[in-house]
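See structure below.
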Amino acid sequence: MKKILVVDDNRLLRKFLSTHLEKSGHQVQTAADGFQALDILSEFIPDVMFVDLFMPKIDGDRLCQIVRARKELKHTYVVILSAGLAETGKDYTKIGADACIAKGSFSSMAKNVLAAVAESDDPRQKDEPKPIIGLDAVYSRQLTKELISRNRHLETILESMNEGFLEIFQERVVFANQAAVAMLSISMENLLYAYPPDLFKGDAAAYMRTLIGENSPAGTNEGKTFDLNDKKISIKKFPVEGEPSTTVIIMADVTQQKRLEEKLQQAKKMEAIGTLAGGVAHDFNNLLMGIQGNISLMLLELKEGHAFFDEVKSIERCVESAATLTKQLLGFARGGKYVLKATSLNQLIGKMAQMFQRTNKNIIFHENYQVDLWSVEVDQGQIEQVIMNLLLNACQAMPSTGNLYVQTENMVLQQDGISRFDLEPGRYVKISVIDNGVGMSPEVRQRIFEPFFTTKAIGDGSGMGLASAFGIIKNHGGAIECISQKGKGSTFNIYLPATVENALDEVSRENVVLKGSETILLVDDEAIITKVDRKLLKQLGYRVYIARSGRAALAVFKSCHAKIDLVLLDMVMPDLNGEAVFEKMKTVDPAVKVLLHSGFSLDDRTRRLLRRGGRGFLQKPFKIKELSHAIRDALDGGPEAPNPMSGAPKA
Ligand SMILES: Nc1ncnc2c1ncn2[C@@H]1O[C@H](COP(=O)(O)OP(=O)(O)OP(=O)(O)O)[C@@H](O)[C@H]1O
Ligand SMILES: [Mg+2]
């Protein structure tokens, strides 16, 4: 006696075969599809299985694969029963079956089935290829062929989808495509007949539990995404009409889309904060200019030893700190680069590293600079600010001791390597600052470029260091990235576009106030500024006209432009902005010399103006010395060679 399982969706055939086999003394169970068969197989281990090829809910193909993957069914002799095998031309041994019987008349099948049962006893013949038994008695039918071809067509569509497709019947997976297998990282054998929530974890498992319930609604969970094997996926359910026990689940990999959305949101947020930061810095710089100007004037009179000399000096230092902060704010706001100069960064970075090494003896510095590093066109002051912020953070991350690596490298970024940075392919200079300090958790790492984000104690950090670094590097057409793990240190990489121009040697400025006697038209809408600037200019020996608006400036210029040697022009004014005033002055006197000054940093408009003949740019607040140099540069430099300079105080 043998234990036999007959799996076929044809009720008559099931009945016929079970009666026939039972009469021959065997114990027989039947199942109408693969799904039922797997149910039975959890308790019943047959010696022989007859399996129909085309069935709903796990077809013969897949059922064979599952059976072959199960240890307890290793010795079961599997016989494919098929009416369509002749038409499919399939090699049944490939799916793990031991024999195949073509469905023909009941009488021929009765004979072939018993022969197959008898053959299952003979292990010698098991490995040898056998022909399909009874094939001679059937003939190819066009309709079957067409149905099979249609079926293949649909399967090809399902298999070519990027979305994972699961068909679920009575809370078990009965069909899955390869995309689903890949997404779930599970073999087809283990996926079929699985309870869907077991395939997921956390939220997704819970959601799946609600989805496969018969009355759960179709559609998505309001755009919610779930984590699945390091990917983000969306899960949609589609009911199958007329079959309440069957559900189709479609899983889409939305990792990339989510990443882009987050990036866009982050960019928008940064832009909004940037506008705010820029506005605050502008107003603040005007106030600081008022204070700095008055201090400069007082210091011209006060000599060391005066009762208030130390106090005034101390106020000046406060202004310097405040100006550093506004400079950071402007850096973040991407206000602009003051002076672009082709620069070789090795020297600049080397100097800063040396400076840090002197004051951080506990840290071992490893410097590795590329020989013949390409030049970059940068504002050296701003890049110094960025490097200083990175070195400072690295040192702060290693309070007792540690290793700090500072490196530069030439790098060509190809199309495939740049997607994470939003950079154009091309030549870049890469700067790396690497520490093996405390590192960051993913939550901290995500927020480090936000202005005012700090994990340091109040007073220890403003949280502006990396925000300004981010703005400055972006504004230089580069990118900055951070790789870090808690306890494992941090790596900051900066990429700056290389330039073809050769780096110029730095010209050192003499540390003296330069005087003159020309006439200057000072244009600024802020009383506090005109008042103090006027005194500063007088101290420097100049004659001064004042205009408190763009229109007033034009009126003065029209009436006495022959006497005016230089216009010190504010960029932002309520009636006519600096740009408009400059253009109108040029129509009166095309050779007009204009020095721009602003509480904002150099923006596109100012840069345009400099290209159109502006003689320089001064960032408020400035000291008398910086003002004096800028004026001389503007007055003495040739007309075709404007020489913009930064008036921002050095930190
Ligand atoms: N090398 C690093 N290692 C570990 N954490 C870092 C490192 N660099 C930055 N961070 C983290 O990023 C936060 C933000 O850095 P950022 O330089 O912007 O501000 P800050 O250093 O806190 O303050 P500030 O630079 O204004 O003095 C820090 O508070 C710290 O948590
Ligand atoms: Mg910092």
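The values are calculated or read from the model by the stated rules, or taken from the named source; none is laboratory data. Please read all numbers here as calculations on a predicted model, not as lab measurements. Using ideal geometry, Cβ is built from the backbone for each residue, glycine included, and neighbour counts are taken over all protein chains shown.
Looking at (1) of a type in the set (Val, Ile, Thr); (2) more than 12 Å from ligand 1 (Cβ to nearest atom); (3) under 21 Å from residue 495 (Cα atoms), find the lone condition where residue 401 falls short.
Of the numbered conditions (1) of a type in the set (Val, Ile, Thr); (2) more than 12 Å from ligand 1 (Cβ to nearest atom); (3) under 21 Å from residue 495 (Cα atoms), the odd one out for residue 401 is (3).
For segment 231-245, which positions are surrounded by fewer than 19 Cβ atoms within 10 Å (Cβ to Cβ) and not in a loop (DSSP other than H, G, I, E, B)?
231, 232, 234, 236, 238, 239
Looking at segment 122-135, is at least one residue at pLDDT 80 or above and in contact with a Leu (Cβ under 9 Å, 6 or more places away or on another chain)?
no
It is to be established whether one or more residues within segment 421-428 are of a type in the set (D, E, K, R), buried (at least 17 other Cβ atoms within 10 Å of the Cβ), assigned by TED's automatic domain parsing to the domain that holds residue 364 and farther than 21 Å from residue 329 by Cα. Break it down stepwise before answering.
Taking segment 421-428 first, the residues of a type in the set (D, E, K, R) are 422, 424, 427.
The next check asks that each one be buried (at least 17 other Cβ atoms within 10 Å of the Cβ); those that pass are none.
No; the residues of segment 421-428 include none that is of a type in the set (D, E, K, R), buried (at least 17 other Cβ atoms within 10 Å of the Cβ), assigned by TED's automatic domain parsing to the domain that holds residue 364 and farther than 21 Å from residue 329 by Cα.
Tell me which residues, restricted to segment 353-370, are of a type in the set (A, V, I, L, M) and at pLDDT 90 or above.
Filtering segment 353-370 for residues of a type in the set (A, V, I, L, M) gives 353, 355, 363-364.
The answer is 353, 363, 364.
Which residue is farthest from residue 622 (Cα to Cα), if the candidates are limited to segment 303-327 and must be surrounded by fewer than 14 Cβ atoms within 10 Å (Cβ to Cβ) and among the hydrophobic types (A, V, I, L, M, F, W, C)?
The residue in question is 307.
Of all residues in segment 279-289, count the ones that are surrounded by 18 or more Cβ atoms within 10 Å (Cβ to Cβ) and either within 34 Å of the chain's Cα centre (by Cα) or modelled with pLDDT under 90 (or both).
Applying the first criterion (surrounded by 18 or more Cβ atoms within 10 Å (Cβ to Cβ)) to segment 279-289 yields 281-282, 284-289.
Keeping just the survivors that are either within 34 Å of the chain's Cα centre (by Cα) or modelled with pLDDT under 90 (or both) gives 281-282, 284-286.
Of the residues in segment 279-289, 5 are surrounded by 18 or more Cβ atoms within 10 Å (Cβ to Cβ) and either within 34 Å of the chain's Cα centre (by Cα) or modelled with pLDDT under 90 (or both).
Answer yes if at least one residue in segment 42-54 is among the aromatic types (Phe, Trp, Tyr), in contact with a strand residue (DSSP E or B) (Cβ under 6 Å, 6 or more places away or on another chain) and closer than 22 Å to residue 174 by Cβ, and no otherwise.
Yes, segment 42-54 contains a residue that is among the aromatic types (Phe, Trp, Tyr), in contact with a strand residue (DSSP E or B) (Cβ under 6 Å, 6 or more places away or on another chain) and closer than 22 Å to residue 174 by Cβ.
Does residue 621 count as touching a residue at least 12 places away in the same chain (Cβ under 8 Å), crowded, with 24+ Cβ neighbours inside 10 Å, part of a loop (DSSP other than H, G, I, E, B) and at negative phi?
Details: touching a residue at least 12 places away in the same chain (Cβ under 8 Å): yes; crowded, with 24+ Cβ neighbours inside 10 Å: yes; part of a loop (DSSP other than H, G, I, E, B): yes; at negative phi: yes.
It is true that residue 621 is touching a residue at least 12 places away in the same chain (Cβ under 8 Å), crowded, with 24+ Cβ neighbours inside 10 Å, part of a loop (DSSP other than H, G, I, E, B) and at negative phi.
Among the residues of segment 445-461 satisfying the criterion of being free of Cβ contacts under 8 Å to residues at least 24 places away in the same chain and closer than 16 Å to residue 481 by Cβ, which is nearest to ligand 1 (Cβ to nearest atom)?
Taking the candidates together, the pick is 447.
Quick test for you: out of 580, 634, pick the one residue that is out of contact with any Cys (no Cβ under 6 Å at 6 or more places or on another chain), modelled with pLDDT of 90 or more, in a helix (DSSP H, G or I) and surrounded by fewer than 18 Cβ atoms within 10 Å (Cβ to Cβ).
580
I'm checking my understanding of the structure. Among residues of segment 460-482 that are assigned to a loop (DSSP other than H, G, I, E, B) and more than 13 Å from ligand 2 (Cβ to nearest atom), which one is modelled with the highest pLDDT?
Checked segment 460-482; the qualifying residue modelled with the highest pLDDT is 478.
In contact (Cβ under 8 Å) with a residue 24 or more places away in the chain and buried (at least 17 other Cβ atoms within 10 Å of the Cβ): is that true of residue 300 in this structure?
Judged against the criteria, residue 300 is not a match.
Scan segment 369-382 and tell me whether some residue there is assigned to a strand (DSSP E or B), within 16 Å of ligand 1 (Cβ to nearest atom) and either among the aromatic types (Phe, Trp, Tyr) or in contact with a strand residue (DSSP E or B) (Cβ under 7 Å, 6 or more places away or on another chain) (or both).
Within segment 369-382, not a single residue is assigned to a strand (DSSP E or B), within 16 Å of ligand 1 (Cβ to nearest atom) and either among the aromatic types (Phe, Trp, Tyr) or in contact with a strand residue (DSSP E or B) (Cβ under 7 Å, 6 or more places away or on another chain) (or both).
From the residues in segment 357-407 that are of a type in the set (D, E, K, R) and over 28 Å from the mean Cα position of the chain (by Cα), which one is farthest from ligand 2 (Cβ to nearest atom)?
Out of the qualifying residues, it is 372.
Name the residue that is surrounded by the most Cβ atoms within 10 Å (Cβ to Cβ), counting only residues in segment 462-488 that are more than 23 Å from residue 278 (Cα to Cα) and near ligand 1 (Cβ under 8 Å from one of its atoms).
Of everything passing the filter in segment 462-488, 484 is surrounded by the most Cβ atoms within 10 Å (Cβ to Cβ).
Can you spot a residue in segment 398-415 that is part of a loop (DSSP other than H, G, I, E, B), surrounded by 14 or more Cβ atoms within 10 Å (Cβ to Cβ) and out of contact with any strand residue (DSSP E or B) (no Cβ under 7 Å at 6 or more places or on another chain)?
no
Which one of the conditions (1) out of contact with any Leu (no Cβ under 9 Å at 6 or more places or on another chain); (2) at pLDDT 90 or above does residue 45 fail to meet, given that it meets all the rest?
Among (1) out of contact with any Leu (no Cβ under 9 Å at 6 or more places or on another chain); (2) at pLDDT 90 or above, residue 45 violates only (1).
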